[in-house]
Amino acid sequence: MSQSIATVASERGFARQPRIDGRGLALAGAYLVLYVVLDWLSFIQPVLKLGITPWNPNTGLMLAFLLVYGPRWAPVTALGVLAAEVLIRGTPAGWLVLICASAAIACGYAALATLLRRWGVPKLIESTAGAARLVVAVAVTTLVVATSYVLLFMAAGALPVEAVGGSIARYWVGDFNGILTFTPLLLLVGRWRELRQVLRNRLGLIALQFAAVALTMWLIFGLAPNDELRLFYPLFLPVIWVTLQWGVPGAMLSTLAVQIGLVIAVQNQPGAPPLVDLQFLLLTLILTALLLGAVVTERANALERVAMREAEQRVLLATAPDAVLTVHPSGEIRSANPAAHGLFGPLASATGSRTLRTILPAIRLDRESGRATLEGRRCDGATFPAEIAWARLTAPTNDDYLVIVRDVSQRQRAENRLREREMALSRAMRFAVAGELASALAHELNQPITALVSYLQAAEILAAPLASQDQRLQGTLGKATHEAIRASEVLRRLRDFYRGGAVKRERLELNLFCATFTATFQERLRRAGAELLVDIPEALPRIEADATQLEIVLHNLLSNAIDAVSQQPPASRHIVLSGGHGAGGVTLRVEDSGPGIAADVAAKLFEPFVTSKVDGMGLGLAISRSLLRGQGGELSYEPSVASGGACFIVRIPLHPVPATDA
Ligand code: ADP
């Protein structure tokens, strides 16, 4: 079966709608000439010299013309019918009858063309259902046209009433056969290049098939004259052979050959049965061939689609990064893609293929489909965490499982690294909070304790004269002074302890640093429905800074920005982290489209315990500023001009400078 011509025409050829210009007129002229010539050639055994003949290939041409160029060419086809009546049959009735008959024929076939175009012409000869619809539509239309034509001539007195039935049958079978043998073939003309190619490649076979058709025709008409009707059926054999080989095009070509042979034989054989009798027999042959051809074409198309899909799937499996296995319910591995061999090692050996249990010991295929994270085992015994998805195939003859395995060890390592990093960050954050608290407490308590010490020392001096009477008062005051001094000392040491967390400087490339850091924020951003644009130029000079402390600062600023934009409508939740550099340092700006800093907060923004949030501690900005100052940098605020929200500016010196006291 040839795939190339059994698979049928494209839609392209059926959308042409030429305008009535020079080209259109030439086309109409060519059509008219061809139509009249075909009508003249097939003007055989007419009823009373009317256009009622048993084979009308010209009708097949008319329908193909209307299908390709559109029903709006119906007037040209009506003109063709009229011209044929006048030129070939010598005006067999009055002009009015002829014009009405031509119009009826043109209208009938224009309506049929409209319907077939709506159904999609190529599809009609590509499937059995389509071919059946085509046959029914053609049968009904030809019957209507034949009846109208015959009745018109009868009404005009050009045809006796008793000839009406026979005439309708003759006209109907003529048009029906003419359309079925001719129209599908004409629709394939646009694919002549393909057909020529097939003809060239399979010339021997085609010649043999043609010879078989010719030989059968000769057997019927040459060997057994006057017994044609009885011997007609052997013709099915070569026609079916050709049809099975070539699909619809083969069916149409072989039946056309039979049709032409039949006409020639009937013309040249004086005792042959009337053509109309043979035409009814031929109609069964044509219908059988057309429907069989549609089945063959449909199957060829389906096979082509399956082959295409198989090829796609082969490439998909070969290039899939995950291991894909098909596994028999008993656990035997039936097939594996290259990634599976790469992941587990060779899965088949001379002693047979391995079972699923040997590579995924804990797997249980107890459901139709599922997912699991299990331990995978390579051929060398090494194990790795694997994500598995499986599903049972639903093909009627195959109940294997399709199992997809992904090695997630790298992902898990990355997740672990991320988790460790987050833990380190939160440890550092807690330490920074404690430091800020200690610093704030020391600051707040320092003055009262200093005053207390002064008062106690003054009290000691005042109590000195009484010492001769009672030593205890001065002793107690002395102890109180000592304890107050000790308390102030503890506070100072506490503050120094937290502040003294050594700065671990390292060289940082800010764009890489920010890319890694912001990746950890993606989930939070997604939850908040906010968009973060990171714009850190690659050319930014490297800095020397404490990465953990810088991360704490940016973490605070981004967290605040997300909180701020979350109060805005979803479409205006934008945050921009940008970088730049100037003399002596680089700057990072965190701008957001939030409401900006509240007036009551703005004045003491960087002071500890200043917050507008219900669950806020008001330490984030204070900590960030003191961490940056500890590295010789600075944190400042300005309203964002671009986004209307807040803009925090982080300045970091290129070269470390002695820390400024926070
Ligand atoms: P907290 O977040 O615990 O309140 P912070 O020191 O980080 O502590 O912030 C202090 C206050 O500054 C916040 O409560 C908020 O009112 C204000 N603030 C900080 N960043 C922004 C911002 N991007 N937009 C609006 N207000 C902000």
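The values are calculated or read from the model by the stated rules, or taken from the named source; none is laboratory data. Predicted model only: the values in this text are computed from it and were never measured. Cβ coordinates were reconstructed from backbone atoms using ideal geometry, including for glycine residues, and neighbour counts include every protein chain displayed.
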Taking the stated definitions as given, is D322 in contact (Cβ under 8 Å) with a residue 40 or more places away in the chain and in contact with a strand residue (DSSP E or B) (Cβ under 8 Å, 6 or more places away or on another chain)?
-> yes
Filtering region 543-580 down to residues that are free of Cβ contacts under 8 Å to residues at least 60 places away in the same chain and within 22 Å of R507 (Cα to Cα), which residue is surrounded by the fewest Cβ atoms within 10 Å (Cβ to Cβ)?
-> G580
Looking at this structure, is V614 without any contact (Cβ under 8 Å) to a residue 40 or more places away in the chain, within 10 Å of the ligand (Cβ to nearest atom), of a type in the set (V, I, T) and more than 30 Å from D496 (Cβ to Cβ)?
-> yes
Please identify the pairs in which a residue from region 620-640 that is within 11 Å of A432 (Cα to Cα) has its Cβ atom under 9 Å from the Cβ atom of a residue that is among the acidic types (D, E) and within 13 Å of the ligand (Cβ to nearest atom), counting only partners at least 6 apart or on another chain.
-> A622/E436; A622/E607; I623/E436; S626/E436
Give V586, V590, V576 a once-over and let me know the one that is among the aliphatic types (A, V, I, L, M) and under 22 Å from M429 (Cβ atoms).
-> V590
Across region 552-581, which residue is farthest from G594 (Cα to Cα) among those that are more than 36 Å from the chain's Cα centre (by Cα) and more than 15 Å from the ligand (Cβ to nearest atom)?
-> H581
Selection status of W172, surrounded by 16 or more Cβ atoms within 10 Å (Cβ to Cβ) and in a helix (DSSP H, G or I) = yes
Being of a type outside the set (K, R), near the ligand (Cβ under 8 Å from one of its atoms), modelled with pLDDT under 90 and surrounded by fewer than 16 Cβ atoms within 10 Å (Cβ to Cβ) narrows it down to one of A602, A598, so name that one.
-> A598
Considering only region 531-542, how many residues are away from the ligand (no atom under 16 Å from the Cβ) and either surrounded by 20 or more Cβ atoms within 10 Å (Cβ to Cβ) or of a type in the set (S, T, Y) (or both)?
-> 1
Mind checking which helices (runs of 4 or more DSSP H) fall wholly inside region 223-328 and carry at least 1 residues that are at pLDDT 85 or above and at positive phi?
-> 236-268
What tally of residues in region 617-638 results from selecting those that are of a type in the set (A, V, I, L, M, F, W, C) and either more than 8 Å from the ligand (Cβ to nearest atom) or part of a strand (DSSP E or B) (or both)?
-> 3
Filter region 639-658 down to the residues that are more than 16 Å from the ligand (Cβ to nearest atom) and outside any strand (DSSP E or B), then identify the one that is nearest to G579 (Cα to Cα).
-> L654
Hey, T587 hits all of (1) touching a Lys or Arg at 6+ places or on another chain (Cβ under 9 Å); (2) within 9 Å of the ligand (Cβ to nearest atom) but one; which does it fall short on?
-> (2)
L510: away from the ligand (no atom under 16 Å from the Cβ) and closer than 30 Å to P570 by Cα, yes or no?
-> yes
Quick check: anything in region 176-194 among the charged types (D, E, K, R), in contact with a Pro (Cβ under 8 Å, 6 or more places away or on another chain) and closer than 25 Å to A131 by Cα?
-> no
Would you say E607 is farther than 25 Å from A428 by Cα, of a type outside the set (S, T, Y) and within 16 Å of the ligand (Cβ to nearest atom)?
-> no
Here are some residues: I105, I44. Which one is outside any helix (DSSP H, G or I), in contact with a helix residue (DSSP H, G or I) (Cβ under 8 Å, 6 or more places away or on another chain), touching a residue at least 40 places away in the same chain (Cβ under 8 Å) and closer than 29 Å to I264 by Cα?
-> I44
Within region 335-345, can one find any residue that is in contact with a His (Cβ under 9 Å, 6 or more places away or on another chain), closer than 24 Å to E368 by Cα and surrounded by 11 or more Cβ atoms within 10 Å (Cβ to Cβ)?
-> no
